[in-house]
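The values are calculated or read from the model by the stated rules, or taken from the named source; none is laboratory data. Every value quoted in this text rests on a predicted model; they were computed, and no experiment measured them. Note: ideal-geometry Cβ built from the backbone for every residue, glycine included; neighbour counts use all protein chains shown. The area values use the complete protein model at the heavy-atom level, side chains included, leaving out ligands, DNA and RNA. Shrake-Rupley method; radii C 1.70, N 1.55, O 1.52, S 1.80 Å.
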Amino acid sequence: MDDIHPSSESIKVESKINYYSDGFDDNEDPFFLSDDDLVGGDDGAADALLEDIREDEIDLLKQKQQDCKILNTTELRQRMEHDVAQVSAVLSVPKTEASILLRNYNWSVSKVNDAWFTDESAVREKVGLFVKPVIGSDIVSNKRKIIICGICFESHTSDRIRYADCGHLYCEICWSIYISTSINNDGAGCLMLRCPEPSCHAAIGQDMIDSLTSEEDRKKYSDFLLRSYVEDNRTTKWCPGPACEYAIEFSGADGIFDVTCHCFTSFCWNCKEECHRPMDCDAVKRWILKNSSESENVNYILAYCKPCPNCKRPIEKNHGCMHMTCRVCRYEFCWLCLGPWKGHMNCNRYMERTDTDDKRKKLAKESLEKYTHYFERWDANRKSKVKALADHQRVKDEEFKKLSVSQDIPEAHFEFISKAWLQVVECRRALEWSYSYGYYLPDNEPAKKQFFEYLQGEAESTLEKLHNCVENELKEFLDVDGLSKKFSEFRTKLVGLTTVTGNYFEKLVRALENGLSDVYSPGTKGLEDEVEDCWHCDRCTYANPSSIRSCKMCVPSDIDNVSVNE
C-alpha cells in the first residue's frame, strides 16, 4: 500500500512530457497541414492554428494520468513533516521517535505502521528506542549531585549531564563534540547516530541534536535528513541537473520513464541517465560503458594510427623513418603507402586505387568502423542537442526582446518559437539515441535494418528543416521595423514544421520501441501471417492496413507542404 500525501501546491507535470507528439489522440490519423492551411493569406490563420493546437494539448493533458510532480525543498520538508506527524499521531509516540522509525523504514508510513502493530517490542529493539531510560534517570533527577562523565571523566553537576533513551550519562560538552564529529565526518551516517557506549545501540533523536550542536551543524543535519527523505523513498528522486534542488515524485507504471524538471533537465526516472527513448536502460548502460572504454581509444587510433596491411592491428609510428615493422606479425611495410617494404622504391607518385587495393587497404576492422560510424553520429547529435538548448535560452533572453520591438508584438506571443526550440532539443535527443539503437540492431535482419535506416534518414531530414527554420529564418525579423507580413507567414510555417516533425518522431520512437515488429521479411513469419488485410509499402516495407491508401510511415514527404508562398 503506497503512502498517501496531502495535496500540495506543487506544479504537476506529465511523466512523459511528449515534445514529439502533435497533441492529437494517438488513434487518429497523423495530422498534416495542407497548403491552404499554411499559406499566409489570412492574418488570423496562425493565431487560430496556435489556439487549436494549444486547446488540443490541454485536452490531452486532462485525459492522461498526471503521474509526476516536481517538488522544491519547501514542499519536500512539508511532506516529510506531515509523514512524521502522521506516524506520531497513529502510534502515539513523540515526533522525534516517529522520525527515527521512518528513517529506519525508508520513510514508508505504511511499513512503519505494519511493523509496529505486528510487534512493537521488536521494532523498538531494531531501531534503538526504549520505553524508558534503563539507567540514569533517578540519578539525574537530583540536580545537586556530582556525576562523572563517562567520556572525559570530569565531574559535573547533574544539570550538565545528558543521556539518550538508554540512560548512559555523559556531559553536554562530550555529547556536543561526539554529535558534531559525526555530522561533519560521517555524512548521511549521522542520521543513524547511536549512544557513545560501544555496547549500546540506543538511537540519538533530533531533539538532542538540536539542543547540543551549533546552528551550522543543525543545518547540515537537517539537509542530510531531507536528502534521506528523497533518496530512501522509492517514489522520489533528485533531479540530476547541475545545481538543481528540485525532486521528482513519480508513480507511472506504463514503462515510459521520461521526465523533465523545471530546470529543463530531461532524464530517465528509472536509471537517472538522460532521456534515451527508444533505447532501454540496460542497453544505454552498455553503450555508455562502451563509450567510456573505447571512445578515447577510437579518437586516438583514427588520428595517430594506421592498421598493419597484413594483420590489420593498429600501429602507432614512434620513430622518424617510414620503415615500419609490425610487432605482432613482423610484417615490414611503408608508413606512407602501406605497401610492402621489400622492393619498395618510392611512393611519391599519385596512383588511382584499384578494387584490389581498396580491399587490401581497409583502415580498420569492420567492428571498429561500425562503432565509429554510430558513435560519431551519436556524439554529433548530442552536441547539437546541447547547443540547441543553449540557443533556446539565448533566444528567450535576448532575441525575444529585439523581436518584440521590431514587430511590435508582446513577448508572450512568441511561445511558438520556444516550442519549436524545445521540439528540436527533444528530437535531437531521440535521433542521438537512435544511432546507439542502430549499433545494436542485429546484422542478420536486413529488412529491419533497411527499414530502420530509412526511418532514421527521413527523421533526420525532417528535423534539419525545422532546425534551420527556427535558427536561421528567424534572424531576418530581428532588425525589421514594424509588423511584417512575412513574419505571420514565418509563424505559420514554423508551427506547421513543429507539428509535423513532432508527429513523425513520435512514430519513429514507437516503431523502434516495438522492435520494428511491423517489418515484412521475406521467408520469415511476419505481419502478413497474422494480419491478412494489409499491404506493404514498396518504399519502406511498412505493413499498412488496407483501409488506407498512403503509407503511414512515409510521412516526411508531406513536410514539403509545410511552406509558405514566396
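Results, tabulated for the structure shown:
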| read-out | value |
| --- | --- |
| Helices (runs of 4 or more DSSP H) lying entirely in segment 369-480 (those with 1 or more residues that are closer than 29 Å to residue 516 by Cα and open to solvent by 30 Å² or more (accessible area, probe 1.4 Å)) | 415-439, 446-471 |
| Top-ranked residue in segment 164-190 [being open to solvent by less than 10 Å² (accessible area, probe 1.4 Å) and not small (Gly, Ala, Ser); ranked as nearest to residue 228 (Cα to Cα)] | 190 |
| Neighbours by Cβ (under 8 Å, 6+ apart or cross-chain): first from segment 321-341, within 14 Å of residue 305 (Cβ to Cβ); second part of a loop (DSSP other than H, G, I, E, B) and among the basic types (Lys, Arg) | 324/317; 326/313; 328/313; 335/317; 338/361 |
| Residue satisfying all of: in segment 198-207; open to solvent by less than 60 Å² (accessible area, probe 1.4 Å) and without any contact (Cβ under 8 Å) to a residue 60 or more places away in the chain; nearest to residue 224 (Cα to Cα) among these | 204 |
| Criterion: closer than 29 Å to residue 123 by Cα and under 37 Å from the mean Cα position of the chain (by Cα) - qualifying residue of 259, 230 | 230 |
| Cβ-Cβ under 7 Å pairs, at least 6 apart or on other chains, segment 464-476 side more than 19 Å from residue 488 (Cβ to Cβ), far side in a helix (DSSP H, G or I) and open to solvent by 10 Å² or more (accessible area, probe 1.4 Å) | 471/391 |
| Single condition residue 156 does not satisfy, out of (1) in a loop (DSSP other than H, G, I, E, B); (2) buried (at least 16 other Cβ atoms within 10 Å of the Cβ) | (1) |
| Enumeration of residues in segment 196-249 that are touching an Asp or Glu at 6+ places or on another chain (Cβ under 6 Å) and assigned to a loop (DSSP other than H, G, I, E, B) | 202, 235 |
| Meets criteria (free of Cβ contacts under 8 Å to residues at least 40 places away in the same chain, touching a helix residue (DSSP H, G or I) at 6+ places or on another chain (Cβ under 8 Å) and farther than 16 Å from residue 228 by Cα) for residue 111 | no |
| All positions within segment 438-457 that are polar (S, T, N, Q) and in contact with a Ser or Thr (Cβ under 6 Å, 6 or more places away or on another chain) | 456 |
| Residue check, residue 492 among the hydroxyl-bearing types (Ser, Thr, Tyr), modelled with pLDDT under 90 and part of a helix (DSSP H, G or I) | yes |
| Any hit, segment 486-508, residues being surrounded by 22 or more Cβ atoms within 10 Å (Cβ to Cβ), farther than 30 Å from residue 406 by Cα and of a type in the set (A, V, I, L, M) | yes |
| Flag if residue 441 is closer than 30 Å to residue 457 by Cα and of a type outside the set (S, T, N, Q) | yes |
| Residues satisfying the stated conditions in segment 89-105, i.e. open to solvent by 20 Å² or more (accessible area, probe 1.4 Å), of a type outside the set (Asp, Glu) and either at pLDDT below 90 or more than 34 Å from the chain's Cα centre (by Cα) (or both) | 89, 90, 92, 94, 95, 96 |
| Close pairs (6 angstrom Cβ cut-off, 6 or more residues apart or separate chains): part of a helix (DSSP H, G or I) in segment 509-527, at pLDDT 70 or above anywhere | 509/277; 509/278; 509/430; 512/278; 512/437; 513/278; 527/518 |
| Matching residues in segment 63-88 - criterion: being under 29 Å from the mean Cα position of the chain (by Cα) and farther than 30 Å from residue 243 by Cβ | 63, 64, 65 |
| All positions within segment 210-256 that are free of Cβ contacts under 8 Å to residues at least 40 places away in the same chain, among the charged types (D, E, K, R), open to solvent by less than 70 Å² (accessible area, probe 1.4 Å) and closer than 15 Å to residue 71 by Cβ | 237 |
| Boolean, residue 309 is touching a Pro at 6+ places or on another chain (Cβ under 9 Å) and either at pLDDT 80 or above or open to solvent by less than 90 Å² (accessible area, probe 1.4 Å) (or both) | yes |
